[in-house]
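Remarks on the structure that follows.
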Amino acid sequence: MEWNLVLQGKVATRSLLADEFLGGPLETAREDDEILVSLNLPAAPANTGSAYKKWGLVTDALPVIGVCALITTDGSGKCISARIAVGGLGDGPRRSAAAESALTYVSADNADGIAGALQAASDEIETQSDMWASSDYRKLLIRTLGNEVISTAFARAAG
């Protein structure tokens, strides 16, 4: 499910995929003379659910860690496609290919499969220590928040 943005500058219009547009924290590929004129989101396939949750010291502040999931299931509830991303990282949000792969053919009631995917995400994604949280605590949050997020995405995919 790729989405793109259309930016209009003084001279030209250009279209970028989300991965091309988003950079590090508070950074985008928008030029100084450009404004966003369109956001094109394809319709989600049937049996698709998503969820996001963040943990932060203050409700409206940037997250210490945020986890999001997009899950598409077959008719029987097994995951056929997953996207797992983590935000609140020093160098910007990152997807976890390891977690996405580990969730393939896992169902919502497979706690071990989900835990394994989240362990893969926390192993794969590099986290930082700072004044708000240690790297180890951020990895714990990936697994803890991720469990809730994936469960919610599965429930939403089921309708």
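What follows is calculated from the coordinates using simple rules that are stated; it is not laboratory data. Nothing here was measured: the structure is a model prediction, and the numbers come from that model. Here the Cβ positions follow ideal geometry from the backbone for every residue, glycine too, while neighbour counts run over all protein chains shown.
To keep it simple, each residue is scored yes or no on (1) in contact with a Pro (Cβ under 9 Å, 6 or more places away or on another chain); (2) crowded, with 21+ Cβ neighbours inside 10 Å; (3) not aromatic (F, W, Y).
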{"site": "Q119", "(1), (2), (3)": "no, no, yes"}
{"site": "D123", "(1), (2), (3)": "no, no, yes"}
{"site": "D130", "(1), (2), (3)": "no, no, yes"}
{"site": "Y137", "(1), (2), (3)": "no, no, no"}
{"site": "L140", "(1), (2), (3)": "no, no, yes"}
{"site": "V149", "(1), (2), (3)": "no, yes, yes"}
{"site": "A153", "(1), (2), (3)": "no, yes, yes"}
{"site": "R156", "(1), (2), (3)": "no, no, yes"}
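Based on what the data block shows, is K139 under 23 Å from L26 (Cα atoms) and under 14 Å from the mean Cα position of the chain (by Cα)? Step through it out loud before you land on a result.
Numbers: under 23 Å from L26 (Cα atoms): yes; under 14 Å from the mean Cα position of the chain (by Cα): no.
No: the conditions fail for K139.
For segment 1-109, give me every one of the strands (runs of 3 or more DSSP E) that falls completely inside it and has 3 or more residues that are touching a residue at least 40 places away in the same chain (Cβ under 8 Å).
48-55, 65-73, 79-87
Condition first: outside any helix (DSSP H, G or I) and touching a residue at least 12 places away in the same chain (Cβ under 8 Å). Now tell me which residues in segment 123-158 satisfy that.
I125, E126, T127, Q128, D130, W132, A133
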